[in-house]
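Report on the following structure.
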Amino acid sequence: MAHTSLNGRRVLAVVTTYGVEQDELVVPVQRLRDQGAHVDVAAVSDGEIRTLVGDKDPGKSVDPDLTLDRADASSYDLLLVPGGTVNADTLRLDEGAVATARAFAESGRKVAAICHGPWLLVEAGVLEGKTLTSYASVATDIRNAGGTWVDKPVMRCTANGWELITSRTPDDLDDFLREIGTALEASG
């Protein structure tokens, strides 16, 4: 990656304890930490995070840094929402996760969501006027929530006073992380 330092930048990754797509959590967390960002993985409940590969095969287990209810969301520069169908579907039913996503958007802070992750933003009601991408099956939900869906590896949208970075699948992680790095560098 071209980015040299994200020192001082803080990222909050929000997940459930089962079903997050392994590479959509593990790869961004590791790369952002390698670039100097402080990344906290916040699970919506206590316990080990059991990831999946391709929504079906067991992946790595990850220890969360804290639970979402213990995170001071206002102290982070960016909210990272990994996908995985089970993770995203469960996440959008969690009031704390929905409130956190809404708070980031309403306060003008950055949000990055990949694959099915934008489901959380649909539920938070913050996509009106935004252009974004996702896993293709989420497109109708995005449109119904007032967003414009595009089929691109990465989309960065600054409409409505907050920045949203989205990608489709783990295949787009390099593009996704490049845009996250650029956005975080610009924020300080």
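Find all pairs meeting these conditions: Cβ atoms under 6 angstrom apart; at least six residues apart or on different chains; first residue within segment 103-114 and within 19 Å of D69 (Cα to Cα); second residue part of a strand (DSSP E or B) and of a type in the set (D, E).
none
Yes/no matrix, rows are residues, columns are (1) modelled with pLDDT of 95 or more; (2) over 24 Å from P170 (Cα atoms); (3) of a type in the set (S, T, N, Q):
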{"position": "A99", "(1), (2), (3)": "yes, yes, no"}
{"position": "K110", "(1), (2), (3)": "yes, no, no"}
{"position": "H116", "(1), (2), (3)": "yes, no, no"}
{"position": "L121", "(1), (2), (3)": "yes, no, no"}
{"position": "K130", "(1), (2), (3)": "yes, no, no"}
{"position": "T133", "(1), (2), (3)": "yes, no, yes"}
{"position": "S137", "(1), (2), (3)": "yes, no, yes"}
{"position": "R143", "(1), (2), (3)": "yes, no, no"}
{"position": "G146", "(1), (2), (3)": "yes, yes, no"}
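Do we have any residue at all in segment 150-159 that's part of a helix (DSSP H, G or I) and of a type in the set (S, T, N, Q)? First the steps, then the outcome.
To start, the set of residues in segment 150-159 that are part of a helix (DSSP H, G or I) comprises 159.
Then keep just the ones that are of a type in the set (S, T, N, Q); that gives none.
Looking for residues that are part of a helix (DSSP H, G or I) and of a type in the set (S, T, N, Q), one finds none in segment 150-159, hence no.
Hey, can you tell me all the residues within segment 89-102 that are hydrophobic (A, V, I, L, M, F, W, C) and surrounded by 15 or more Cβ atoms within 10 Å (Cβ to Cβ)?
Hits for segment 89-102 are L91, A97, V98, A101.
For S134, only one of the following conditions fails: (1) more than 13 Å from the chain's Cα centre (by Cα); (2) assigned to a loop (DSSP other than H, G, I, E, B). What is its number?
Failed condition: (1).
Please go through segment 160-188 and give me each residue that is in a loop (DSSP other than H, G, I, E, B) and under 21 Å from L127 (Cβ atoms), ordered by number.
Within segment 160-188, W162, E163, R168, T169 qualify.
Conditions first: (1) of a type in the set (A, V, I, L, M); (2) farther than 19 Å from L6 by Cβ; (3) in contact with a Ser or Thr (Cβ under 6 Å, 6 or more places away or on another chain); (4) buried (at least 20 other Cβ atoms within 10 Å of the Cβ). A113 passes all but one, so which condition is the exception?
Unmet condition: (2).
So, T148, is that one surrounded by fewer than 17 Cβ atoms within 10 Å (Cβ to Cβ), over 21 Å from V86 (Cα atoms) and polar (S, T, N, Q) or not?
yes
Take the residues in segment 138-161 that are more than 14 Å from G117 (Cα to Cα) and of a type in the set (D, E, K, R); name whichever of them is nearest to the chain's Cα centre (by Cα).
R156
Filter segment 7-31 down to residues that are on the phi > 0 side of the Ramachandran plot and surrounded by 22 or more Cβ atoms within 10 Å (Cβ to Cβ), then give me how many there are.
From segment 7-31, those on the phi > 0 side of the Ramachandran plot are 8, 19; that's our starting set.
Among the residues that remain, those that are also surrounded by 22 or more Cβ atoms within 10 Å (Cβ to Cβ) are: 19.
Of the residues in that region, 1 qualify.
Given V122, V111, V126, which one is under 18 Å from C157 (Cβ atoms) and in a strand (DSSP E or B)? Show your work before the answer.
Values: V122 fails: in a strand (DSSP E or B); V126 fails: in a strand (DSSP E or B).
It is V111.
Give the residue that is farthest from E185 (Cα to Cα), with candidates limited to residues of segment 72-83 that are crowded, with 19+ Cβ neighbours inside 10 Å and more than 11 Å from the chain's Cα centre (by Cα).
Residue satisfying both the conditions and the ranking: Y76.
Yes/no matrix, rows are residues, columns are (1) hydroxyl-bearing (S, T, Y); (2) surrounded by 14 or more Cβ atoms within 10 Å (Cβ to Cβ); (3) within 22 Å of V122 (Cα to Cα); (4) out of contact with any Gly (no Cβ under 8 Å at 6 or more places or on another chain):
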| position | (1), (2), (3), (4) |
| --- | --- |
| R33 | no, no, no, yes |
| D40 | no, yes, no, yes |
| V44 | no, yes, yes, no |
| E48 | no, no, no, yes |
| L52 | no, yes, no, no |
| P58 | no, no, no, yes |
| D63 | no, no, no, yes |
| L68 | no, yes, yes, no |
| N87 | no, yes, yes, no |
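The values are calculated or read from the model by the stated rules, or taken from the named source; none is laboratory data. This is a predicted model, so every value here is computed, not measured. Ideal geometry is used to build each Cβ from the backbone, glycine not excepted, and the neighbour counts take in all protein chains shown.
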